[in-house]
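Read-outs: derived from the displayed coordinates by stated rules, not from any lab. For clarity, every value in this text was computed on a predicted model and none was experimentally measured. Cβ atoms come from the backbone with ideal geometry, glycine included; neighbour counts cover every protein chain shown.
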Amino acid sequence: MRTLQRHATLALLAGSLLAPASLAGGSGVRIVISSGGAGGGGALASNCAPRYAPPRRHDVRPGAWDYRSDRRRHESFESRLCRAWDLLADECFYDAQCLFLDLTCERSYSAEAHFGLSLAFAMREDDESALRAMRRAFELAPRGFCPPNVRGLDDIIECAADRYDRIADKRPRDADVFFMLAAAEYLDGRESRARRAIEDAIELGDCSRAAENLACLVDAKPRRSYSRR
């Protein structure tokens with residue numbers, strides 16, 4: 001009898017070792033080997049509760065994008081141009097300068113962007129950059145330009161004109177200063193003052209195409225002798 005029990009135990013042990021993992025433990029079944037006893041001993045099986053493992057979360061959404069990081073690509077040129085004028089009127093001169101500069105790089109033929117860029121440079125007292133941008137603007141706009149109707153922008157332009165008027169008093173022989181004064185007065189709608197200033201610039205030797213276009217816009221006439229006003 002003991003020999004039969006021993007052979008049965010060995011056979012069951014060998015079967016458990018050779019059984020596939022899916023049968024031995026993957027289904028949550030535990031095989032217990034007993035060496036026998038009064039109650040007869042074979043194999044007892046008991047179910048084990050599986051361990052809970054929360055599912056992995058994937059927070060990345062395919063195709064998702066941030067509008068702020070991709071704003072330039074999805075905002076039109078005209079919309080950014082309006083925003084640049086608003087920044088200039090709000091006295092955010094550096095931000096306006098950066099945006100106008102970006103716009104002139106994107107469309108080098110945009111006279112409006114060059115006018116705005118020149119005013120932004122002027123308000124930051126970068127007169128050389130303001131001069132280059134203003135000359136380019138009048139080269140691109142031989143028929144003239146009217147600034148957009150933005151609240152507070154006329155005050156900025158008037159401030160620029162007053163600043164160049166003060167500089168002209170200190171540098172009465174500087175043709176570039178008078179050109180900038182004439183341009184600012186023209187943009188501010190003071191045509192008679194712009195006419196006098198561009199006549200002074202031409203009399204001092206400004207023979208650029210920009211000065212010629214501005215003189216035609218304000219109907220300036222050449223003079224034989226130079227006078228400050």
Exercise. Does region 132-211 classify as rounded, prolate or oblate by the C-alpha gyration tensor (a ≥ b ≥ c root eigenvalues; a/c under 1.5 gives rounded; else a/b over b/c gives prolate, otherwise oblate)?
Worked result: oblate
Problem set entry | Estimated FRET transfer efficiency (Arg209, Asp90; beta-carbon r; R0 30 Å; 0.05) | 0.35
Exercise. How much length is gained on full extension from Arg166 to Lys221, taking 0.36 nm per residue of separation minus their Cα-Cα distance?
Worked result: 17.4 nm
Exercise. For region 71-152, rounded, prolate or oblate, judged on the Cα gyration tensor with a ≥ b ≥ c (square roots of eigenvalues), a/c < 1.5 rounded, else prolate if a/b > b/c?
Worked result: rounded
For this session: Quote the FRET efficiency, to the nearest 0.05, computed for Ser79 versus Glu139 with a Förster distance R0 of 30 Å and r equal to the Cβ-Cβ distance.
Result: 0.70
Seminar exercise, completed: Yeah, region 87-229 with a ≥ b ≥ c from its alpha-carbon gyration tensor (a/c under 1.5 is rounded, else prolate when a/b outruns b/c, oblate otherwise) is prolate
Exercise. Taking the mean number of other Cβ atoms within 10 Å as a proxy for protection, how do you rank 185-192, 170-177 from highest to lowest?
Worked result: 185-192, 170-177
For this session: Figure the gain on full extension for Ser192 and Tyr109 (residue separation times 0.36 nm, minus the Cα-Cα span) and round it to one decimal in nm.
Result: 27.0 nm
